[in-house]
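**Q** Dumping the structure here so I can ask a few things about it.
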Amino acid sequence: MRVLLLVLSLFMATPALAVLPDEILDDPVLEERARELSKGLRCLVCRNESIDESNADLARDLRLLVRERLVAGDTDDEVIAYLVDRYGEFVLLNPTRTGANLILWIAGPAMFVLAGGIALFYVRRRRPDNAVATLSEDEEKRLDEILNS
């Protein structure tokens with residue numbers, strides 16, 4: 001019986017999110033929007049964790065702020081813009097691909113291509129020419145002496 005209960009509890013286990021019951025909005029549509037927005041916002045205290053998953057006090061404050069803005073009638077884009085204006089683009093888990101961020105998005109693949117080109121140039125330059133080096137008659141005789149002795 002205990003094994004059955006253990007197996008059932010494992011199947012029913014879901015990841016626990018940090019949203020507390022007192023944060024949940026009465027309107028299920030607004031709550032769903034708040035949850036979706038929270039999944040894309042970074043906790044400024046934790047490393048690479050959304051505010052929806054974080055237990056930090058600042059994450060709770062951000063979750064409440066998102067819900068407050070939604071109740072005030074802001075659209076999703078307006079809520080995101082408000083948070084970016086207030087905290088910078090670091091608050092976004094997936095930063096925009098414009099402006100200075102574009103350099104960061106392009107730098108990784110560009111460096112990879114550049115390193116590949118340098119490696120290819122180096123390998124081609126180090127490869128011996130197709131010309132076959134031949135030994136002179138004196139060198140062949142000396143080689144035969146060495147090998148046969």
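**Q** Taking 0.36 nm per residue of sequence separation and subtracting the Cα-Cα distance, how much length would be gained by fully extending the chain between Val113 and Leu58, in nm to one decimal? Could the numbers behind the result be given before it?
**A** Details: separation 55, 0.36 × 55 = 19.80 nm, distance 4.03 nm.
15.8 nm is the gain from fully extending Val113 to Leu58.
**Q** What list of ³J(HN,Hα) values in whole Hz, one per residue of the range 117-125 in order, does the Karplus curve 6.51 cos²θ - 1.76 cosθ + 1.60 (θ = phi - 60°) give from phi, with Gly and Pro shown as x?
**A** Computed from phi, the couplings for the range 117-125 are x, 5, 5, 4, 4, 5, 5, 5, 6 Hz.
**Q** Further question: In terms of modelled amide H atoms, which long-range or inter-chain residues lie less than 5 Å from the amide H of Leu92?
**A** Arg42
**Q** Another question, if that's okay. For Ser50, what residues show an amide H to amide H distance below 5 Å, using hydrogens built from the backbone and excluding near sequence neighbours?
**A** Here the answer is Cys43, since their amide H atoms fall under 5 Å of that of Ser50.
**Q** Near Val79, within a Cβ-to-Cβ distance under 9 Å, what is the net charge of the other residues, with Lys and Arg +1 and Asp and Glu -1? If you can, show how the numbers build up before the last one.
**A** On the way: positive: Arg33, Arg69; negative: Asp74, Asp76, Asp77, Glu78.
Around Val79, the surrounding residues sum to -2.
**Q** Starting at the first residue of the range 84-101, write each ³J(HN,Hα) from the Karplus equation 6.51 cos²θ - 1.76 cosθ + 1.60 with θ = phi - 60°, in whole Hz, x for Gly and Pro.
**A** 3J(HN,Hα) across the range 84-101, in whole Hz: 5, 4, 7, 10, x, 5, 4, 5, 8, 5, 10, x, 5, 10, 9, x, 5, 5.
**Q** If you take the charge dipole of the range 11-91 about its Cα centre, with +1 on Lys and Arg Cβ and -1 on Asp and Glu Cβ, which of Asn48, Leu83, Leu25 is farthest toward its positive end?
**A** Result: Asn48.
**Q** Now, a different point. Along the range 43-56, what does the Karplus equation 6.51 cos²θ - 1.76 cosθ + 1.60 (θ = phi - 60°) give for ³J(HN,Hα), rounded to whole Hz, x for Gly and Pro?
**A** Each residue of the range 43-56 in turn: 6, 6, 9, 7, 9, 6, 10, 6, 5, 5, 9, 7, 9, 5 Hz.
**Q** Same structure, new question: Calculate the spin-label point distance for Glu137 paired with Asn48, positioning each point 7 Å from the Cα along the beta-carbon direction, and give it in nanometres.
**A** 7.1
**Q** In what order do Leu102, Leu65 fall by count of nearby beta-carbon atoms within 10 Å, going from fewest to most?
**A** Details: Leu102 11, Leu65 16.
Result, fewest neighbours first: Leu102, Leu65.
**Q** In what sequence do Val45, Val113, Val19 fall when counting other Cβ within 10 Å, fewest first?
**A** Values: Val45 14, Val113 10, Val19 19.
If I rank by nearby Cβ atoms, fewest first, I get Val113, Val45, Val19.
**Q** Say each of Val123 and Leu92 gets a label point 7 Å from the Cα, pointing the same way as Cα to Cβ; how far apart are those two points in nm?
**A** With each label placed 7 Å out from Cα toward Cβ, I get 3.8 nm.
**Q** Treat each spin label as a single point 7 Å out from the Cα along the C-beta direction, and report the Glu78 to Leu20 distance in nm.
**A** Label-label distance for Glu78 and Leu20, simple model: 2.8 nm.
No lab work stands behind these numbers, since they all come straight from the coordinates. Keep in mind the model is a prediction, meaning the values are calculated, not measured. Cβ coordinates were reconstructed from backbone atoms using ideal geometry, including for glycine residues, and neighbour counts include every protein chain displayed.
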